[in-house]
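The next block holds one structure in the form of structure tokens; read it before the comments.
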Amino acid sequence: MPHIFLYGPPGTGKSTVGKILARNLKLPFVDLDRVIETNAGMSIAQIMEQQGESAFRDLESSALRSIPNEKESVIALGGGALLSAENREFAHETGKVVLLMAELDTLFERLNEGSNKRPLLAGDLRTQLSSMLAQRSEHYNSFALRVQMDGKSADKNALEVQVLLGRFHLHAMGEYDVIVGKLEQIGDLLLARELQNPIIVTDENVAKFHAEKVVASLSKAGFKPKIVTFAPGEEHKNLNTISFLWKSFLQNGLDRKSTVLALGGGVIGDITGFAASTYMRGVNWVGIPTTLLSMVDASLGGKTGFDLPEGKNLIGSFHPPKLVLADPQLLKTLPEAELVSGLTEVVKHGIISDPELFSLCLRGLNWVKNNLEEIAKRAMAVKIRIIEEDPYETGIRAALNLGHTVGHAVELVSKFELRHGEAVAIGIVVEAKYAEKIELSNKGTSKVINNALRALGLPVDIPKDLPREEIVRAMRMDKKKNTNAIRFALPVEIGKVELVDVMDLEEVLED
Ligand SMILES: NC(=O)c1ccc[n+]([C@@H]2O[C@H](COP(=O)([O-])OP(=O)(O)OC[C@H]3O[C@@H](n4cnc5c(N)ncnc54)[C@H](O)[C@@H]3O)[C@@H](O)[C@H]2O)c1
């Protein structure tokens, strides 16, 4: 994997944010200025004083090239390290450069407080800083990946860098990376994690478009990949398919060290993850989600399972993958109706804890379609934060059920005529109206939610022909509850939900 370089003017917090980022991603952290000082055996101030800026820049260039390449690291660069075209080219060849930027006032405040005085800013700090920013403004403005650091904590800024890069490391249930990247990376990513003997499980639709690339990448990395394909659709998320997979694994000689790759939507992920969790008492698996829903939801959190004729997801296990690789380019072949259906979970994640993501959804389907990568990364970050806090759903993870209590029931009563995401969109609006009725949320909240979902082409009303009593009955059945109260995740405002026990389910459906 390429390095992550943090760059930007002095005072943006490259070292502080870099350390947090490295800790979050479980990567080594390198502070280039410290490497220079160690190599030279003196402080940067002393180098500047005794040898001048040009000698310092030479030392900086060689320090940059001395960082080992085999292991990905987070590297905080000095504020002028990439002024040289050669260094800049080197950084782009060996990693991704994220520019951390801040207003003059923020930089001044931070540098003024610090004990570590910068030789290049000697004299009146504000004047020197201002003239450095003016001189380098074209240079700093030319970096594409940027995070504005003002007014936020270092933790928040580190998370913004993660979202921008699409890089997460989960450890609450199993330990694995979630990477937004390119399908072509899969071979190298398996190698780096010492994952062996891969077999690809996919459905016929996905195989047609994307299996070849996965096979090519794995072969290039030296693997001899095998592939198993079955028919698409929820109706195949059953024990027959599981049994077919177990047998295919045996026929293909999979042993306990083999790796199962789930290439597909939520159905493939759930069923492949479950087959992997039970084959030889559990083998490694990797998620390669290919629908929006599976990228932002189903592939994250380690829940696997299959359906019984009696109901959805009745059998399952917690079996976290060893890696999730999400390539938003794969969404280009996804039928529009599936994409739109997946957007429900994006809006849901916005309502749960990311008001900015929610506002982006209000821009409508066309904008969202042109900015899918950004949308997907932000929505993934919300789910990841929640499942890291509560991996086994003993508390806050239930917030992810927003819209699902009514949604699942509507989906069932419609006899699956409505897609999951469509039914949940309706569920979100019904539940938001109820939250308003019981004065949990302010007047108008459900209207804004309604607008966002409609702008994306999602339905918001329960179809007239679906009997309300059946929906209520289905809500009770779905939650497998003996008590009368059902726990709903209800919106309090955009960015906040609360868990509320509801007795009177008829009232939830009343307009
Ligand atoms: N495990 C979890 O935490 C979790 C969370 C949410 C949902 N789920 C499960 O996810 C399932 C729904 O997932 P889904 O919406 O991804 O459905 P899906 O897997 O059925 O995929 C939808 C359709 O899109 C096709 N497809 C997938 N990717 C494609 C691509 N890139 N190009 C062209 N066609 C493509 C599939 O073949 C299928 O026909 C449900 O079974 C649900 O229970 C699981």
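Provide a single number: the residues in the stretch 2-51 that are at positive phi and either open to solvent by 40 Å² or more (accessible area, probe 1.4 Å) or without any contact (Cβ under 8 Å) to a residue 40 or more places away in the chain (or both).
Kept after step one, since they are at positive phi, are these residues of the stretch 2-51: 8, 11, 13, 26, 41.
Of the ones still in play, those that are also either open to solvent by 40 Å² or more (accessible area, probe 1.4 Å) or without any contact (Cβ under 8 Å) to a residue 40 or more places away in the chain (or both) are 26, 41.
Adding up the residues that qualify gives 2.
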The conditions are (1) in contact with a His (Cβ under 8 Å, 6 or more places away or on another chain); (2) in a loop (DSSP other than H, G, I, E, B), and Leu254 fails exactly one of them. Which is it? (1)
Output for the stretch 306-323, where each listed residue is modelled with pLDDT of 95 or more, within 12 Å of the ligand (Cβ to nearest atom) and crowded, with 20+ Cβ neighbours inside 10 Å: Phe306, His319, Pro320, Pro321
Report yes if some residue within the stretch 426-440 is among the hydroxyl-bearing types (Ser, Thr, Tyr), in contact with a strand residue (DSSP E or B) (Cβ under 8 Å, 6 or more places away or on another chain) and surrounded by 19 or more Cβ atoms within 10 Å (Cβ to Cβ); otherwise report no. yes
Which condition breaks for Val147 when tested against (1) open to solvent by 20 Å² or more (accessible area, probe 1.4 Å); (2) not in a helix (DSSP H, G or I)? (1)
Taking the stretch 408-421 as the region of interest, how many residues are within 11 Å of the ligand (Cβ to nearest atom) and charged (D, E, K, R)? 2
The stretch 367-389, residues that are acidic (Asp, Glu) and touching a residue at least 24 places away in the same chain (Cβ under 8 Å): Glu373, Glu388, Glu389
Count, please, the residues in the stretch 112-136 that happen to be in a helix (DSSP H, G or I), open to solvent by less than 50 Å² (accessible area, probe 1.4 Å) and closer than 19 Å to Tyr7 by Cβ. 5
Just checking, how many residues over the stretch 263-305 are open to solvent by 30 Å² or more (accessible area, probe 1.4 Å), over 21 Å from Gly421 (Cα atoms) and of a type outside the set (A, V, I, L, M, F, W, C)? 3
What's the total number of residues in the stretch 350-366 that are crowded, with 23+ Cβ neighbours inside 10 Å and either without any contact (Cβ under 8 Å) to a residue 40 or more places away in the chain or within 12 Å of the ligand (Cβ to nearest atom) (or both)? 1
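The values are calculated or read from the model by the stated rules, or taken from the named source; none is laboratory data. Worth saying up front: this structure is predicted, and the values here are computed from it rather than measured. Glycine gets a Cβ as well: all are built from the backbone with ideal geometry, and neighbour counts include every protein chain shown. For accessibility, only protein heavy atoms count, side chains too; no ligands or nucleic acids. Shrake-Rupley method; radii C 1.70, N 1.55, O 1.52, S 1.80 Å.
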